[in-house]
Amino acid sequence: MTLPPLDLQNAEAMQADWTVAATPASGPLSARKLAALTPRPPASHAANTNTFLSEALDHLNFPPAMRRLLLTPQREVAVKLAIRRDSGELATFHAFRVQHDDSRGPFKGGLRYSPEVDLDDVRSLASLMTWKTAVMDIPFGGAKGGICCDPRQLSERELEALTRKLVQALRPVLGAHTDIPAPDMNTGAREMGWFMDEYSKAVGFTPGIVTGKPVHLHGSLGREAATGRGTVFAIRELLQAQGLGGIAGKTFVIQGFGNVGSWAARILHEQGGRVVAVADAYGAVAAEGGLDVPALVQHVTAGESLASFPGGSEVPKERILAVPCDVLIPAAIGGVITEANAGALQCTIVAEAANGPITPDGDQVLRRRGITVLPDIYCNGGGVTVSYFEWSQNLQSYRWTEEEVNARLDRTMTEAFRGIWEVATRERLPLRTAAFVIALQRVAQARANRGFD
Ligand SMILES: NC(=O)C1=CN([C@@H]2O[C@H](COP(=O)(O)OP(=O)(O)OC[C@H]3O[C@@H](n4cnc5c(N)ncnc54)[C@H](O)[C@@H]3O)[C@@H](O)[C@H]2O)C=CC1
Ligand SMILES: O=C(O)CCC(=O)C(=O)O
């Protein structure tokens with residue numbers, strides 16, 4: 001394929017450390033043949049991400065050592081956090097920060113609090129951040145972190161203590177020009193406020209150490225809604241590029257009704273989209289004519305379950321992915337669309353608002369079925385884009401209006417889409433592979449330009 005030439009002079013020197021342990025009598029093996037002969041590791045989040053990446057790398061002529069460098073994280077930190085429970089008991093929790101790559105700028109990525117958090121999961125999410133910041137063309141690298149805990153079982157005081165312990169444990173590897181965390185699943189402005197406070201106690205007032213903070217504490221206007229809003233911009237661009245018109249009148253199904261899912265639903269509804277079903281971890285609700293999203297948000301904010309919403313009928317949450325619609329938006333956890341259920345989807349577009357919601361085998365099924373996937377590293381890139389705006393505002397002690405933030409987000413999402421669409425069309429690639437190709441080129445070029453000595 002013909003892609004712009006990449007100046008990898010420095011990287012060529014790295015070829016020297018690529019050695020094949022046992023070269024067969026028939027001659028040296030190419031890296032690709034060697035990979036094919038190497039037993040595949042058991043499927044994991046990180047392996048899934050690397051499967052997608054490898055497909056894009058196969059379109060690029062990178063030296064094997066550069067390939068290896070990009071597939072593996074720069075630094076992995078695992079810590080144990082101990083807090084006193086409200087009962088007086090001592091409790092310990094495992095936490096992680098994986099810093100995948102900082103070739104293009106400081107490490108950047110969210111913090112997730114969930115019982116499913118482990119090193120493999122965080123490693124995969126950190127890698128996705130590297131490619132996300134590159135495809136959005138914002139000056140950051142990629143990282144992710146998390147605490148393995150069930151936040152529903154912890155009081156507010158316990159969560160605050162845990163967050164402060166996390167800052168204390170990670171402080172040596174963090175910094176407003178080194179690694180800047182942000183919200184992810186089960187974290188939000190409240191946790192980011194505690195985070196900033198704990199870091200500032202040690203090093204002086206530093207709002208730029210974390211993004212997604214409360215607005216009155218140097219958070220950016222528009223950050224809370226940014227990932228959902230960015231997802232809507234991404235869908236708008238795709239519909240337009242495919243000649244399918246706009247959001248108005250289209251039908252949407254959303255899995256996940258937290259920060260990302262609920263904001264996407266609100267904005268789609270405002271723009272005349274019909275949100276026909278939504279699910280969260282506990283249940284799902286559907287209405288063929290479209291849910292009254294503002295009323296649903298009010299219902300859930302009052303502490304009621306989705307399924308009890310009087311403006312729709314309850315559906316089993318396991319069936320949400322198969323509800324007929326134009327656009328399906330997974331906005332919850334990873335690995336929900338697999339080889340086993342991808343055949344049951346009844347949509348023409350899947351917009352990956354969540355990170356890693358489709359496994360590589362599931363992705364193959366969707367490709368065969370002609371379902372277009374807006375890949376996570378682009379589709380949910382609105383969150384980190386407005387995090388970049390927040391960080392920029394913090395560094396300048398300045399505040400932008402919400403209109404300005406949203407207009408800049410629109411421009412960034414639109415420009416990134418055009419780049420991906422252009423490569424996908426020219427090279428006949430799925431949007432995901434095209435997005436990875438662009439991101440890989442940007443990161444590899446930056447790494448090569450910085451040198452290796
Ligand atoms: N918050 C942000 O700015 C960004 C978030 N993301 C990704 O978006 C996804 C959602 O994140 P947030 O909305 O921030 O999290 P959140 O914690 O605010 O909401 C998560 C939602 O998913 C639901 N959920 C959990 N397990 C589920 C299951 N098995 N089936 C159906 N629903 C389930 C929860 O009930 C909740 O409604 C995650 O994959 C996250 O990594 C990506 C980019 C930025
Ligand atoms: O806002 C950020 O810095 C990162 C958000 C995030 O974790 C993500 O995009 O997955």
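The values are calculated or read from the model by the stated rules, or taken from the named source; none is laboratory data. This one's a predicted model, so the numbers in the text were calculated from it and none came from an experiment. Here the Cβ positions follow ideal geometry from the backbone for every residue, glycine too, while neighbour counts run over all protein chains shown. The area values use the complete protein model at the heavy-atom level, side chains included, leaving out ligands, DNA and RNA. Shrake-Rupley method; radii C 1.70, N 1.55, O 1.52, S 1.80 Å.
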Counted residues in the stretch 78-99 being open to solvent by 20 Å² or more (accessible area, probe 1.4 Å) and closer than 15 Å to Arg112 by Cα come to 5
Filter the stretch 161-185 down to the residues that are open to solvent by 40 Å² or more (accessible area, probe 1.4 Å) and under 22 Å from Phe389 (Cα atoms) and list them by number. His177, Thr178, Met185
Residue among His94, His100 that is in contact with a helix residue (DSSP H, G or I) (Cβ under 9 Å, 6 or more places away or on another chain), within 30 Å of Gln445 (Cβ to Cβ) and part of a strand (DSSP E or B): His100
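Just give me the residues in the stretch 269-288 being open to solvent by 60 Å² or more (accessible area, probe 1.4 Å) and either within 16 Å of ligand 1 (Cβ to nearest atom) or not in a helix (DSSP H, G or I) (or both), in sequence order.
Those that are open to solvent by 60 Å² or more (accessible area, probe 1.4 Å) and either within 16 Å of ligand 1 (Cβ to nearest atom) or not in a helix (DSSP H, G or I) (or both): Gln271, Arg274, Ala281, Tyr282, Glu288.
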Exactly one of (1) surrounded by fewer than 24 Cβ atoms within 10 Å (Cβ to Cβ); (2) touching a residue at least 60 places away in the same chain (Cβ under 8 Å); (3) touching an Asp or Glu at 6+ places or on another chain (Cβ under 9 Å) is unmet by Asp376. Its number? (1)
For the stretch 157-166, does any single residue satisfy the condition of being at positive phi and within 16 Å of ligand 1 (Cβ to nearest atom)? no
Looking only at residues that are within 13 Å of ligand 1 (Cβ to nearest atom) and among the hydrophobic types (A, V, I, L, M, F, W, C) in the stretch 186-204, which one is surrounded by the most Cβ atoms within 10 Å (Cβ to Cβ)? Met192
Is there any pair with a first residue in the stretch 222-243 that is open to solvent by 10 Å² or more (accessible area, probe 1.4 Å) and a second that is not in a helix (DSSP H, G or I) whose Cβ atoms are under 6 Å apart and which are 6 or more apart or on different chains, and what are they? Arg223/Gly212; Thr227/Asn380; Arg236/Ile247
